[in-house]
Amino acid sequence: MEQPVVSGVAHDLSGATFAVVGIASVPMDWAKVFGSLANTDLTLDALTGAGTSTHPGPGAVPGVAPPSRTITPPSQSMTPPSVLDLNAYLMHAVGRAARRRLAETLEARGLRLWHLTVMALLADLGPQMKTALATRLAMNASDLVKVVNDLVRIGQVDCVRDDADRRRVVVRLTPEGETSLRSLNAEIARTDDEILAPLDAGEREQLASLLRRVHGHLEPAPADLARERPVSST
């Protein structure tokens, strides 16, 4: 009856039920171990385990069925069960996995998340001044300029004089940028499908609606962004 793992059920004198699990790093004669328990106030039911023999050896526990050769392995999840009740943790964990996959999709095209965000904003709102883009995205102006320069270099956007006010320079998507963004959005949609594979169409729509509500609740108002931006001393 030598085996590394066995499990079963025990009862005490009050009738309370206990799960009994024995785990050892080396083959163990569990008959002797649980035999000692049987001499206490516990009554053992059948055990199951991954034994190397189907016959009980000397000292087997009376009334205990021979062990099965198949056991259910313990969960290999690294997530503590208690945090699965915390929505903030779940959003963080799922968001981190989604961000990683999104980053991989973008990196395959030589892009980062900020590149996608600027392109999407230009597609939604039309040509914008760099200062307006920085304010809407709550970005430092110099960081925004770097992102725009990256996109100009690969032909996704260009900087031109505003038709309504020739004194202003605006950033706009190029035709190549519009085509790339449509292709990229389709590829990201496929990534969404992989991430949301456990959900059906109705559940995905409901999840998206709930996430948009939470996002709208947490997103700062433009006035708040303006107050948070440092005031230049010049």
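The values are calculated or read from the model by the stated rules, or taken from the named source; none is laboratory data. None of these values were measured; they are calculated from a predicted model. Positions of Cβ are backbone-derived with ideal geometry, glycine not excepted, and every protein chain shown enters the neighbour counts.
Things worth noting here:
- Of all residues in region 111-154, those that are small (Gly, Ala, Ser) and under 20 Å from residue 187 (Cα atoms) total 2.
- When 158, 200, 192 are checked against the criterion of being within 18 Å of residue 111 (Cβ to Cβ) and within 29 Å of the chain's Cα centre (by Cα), a single residue qualifies: 192.
- When region 115-128 is filtered for residues that are surrounded by fewer than 18 Cβ atoms within 10 Å (Cβ to Cβ) and in a helix (DSSP H, G or I), the ones remaining, listed by number, are 117, 120, 121, 123, 124, 125.
- Sole residue being modelled with pLDDT of 95 or more and in contact with a Ser or Thr (Cβ under 9 Å, 6 or more places away or on another chain), chosen from 202, 155: 155
- Unique residue being within 20 Å of residue 103 (Cβ to Cβ) and of a type in the set (A, V, I, L, M, F, W, C) when the list is 181, 199: 181
This table checks each residue for (1) at pLDDT 95 or above; (2) in a helix (DSSP H, G or I).
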{"site": "135", "(1), (2)": "no, yes"}
{"site": "139", "(1), (2)": "no, no"}
{"site": "148", "(1), (2)": "yes, yes"}
{"site": "165", "(1), (2)": "no, no"}
{"site": "177", "(1), (2)": "yes, yes"}
{"site": "186", "(1), (2)": "yes, yes"}
{"site": "230", "(1), (2)": "no, no"}
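- The residues in region 95-118 that are closer than 25 Å to residue 207 by Cβ and touching a residue at least 60 places away in the same chain (Cβ under 8 Å) can be counted, and the count is 7.
- Subset of region 156-195 [of a type in the set (A, V, I, L, M), crowded, with 16+ Cβ neighbours inside 10 Å and more than 15 Å from residue 125 (Cα to Cα)]: 184
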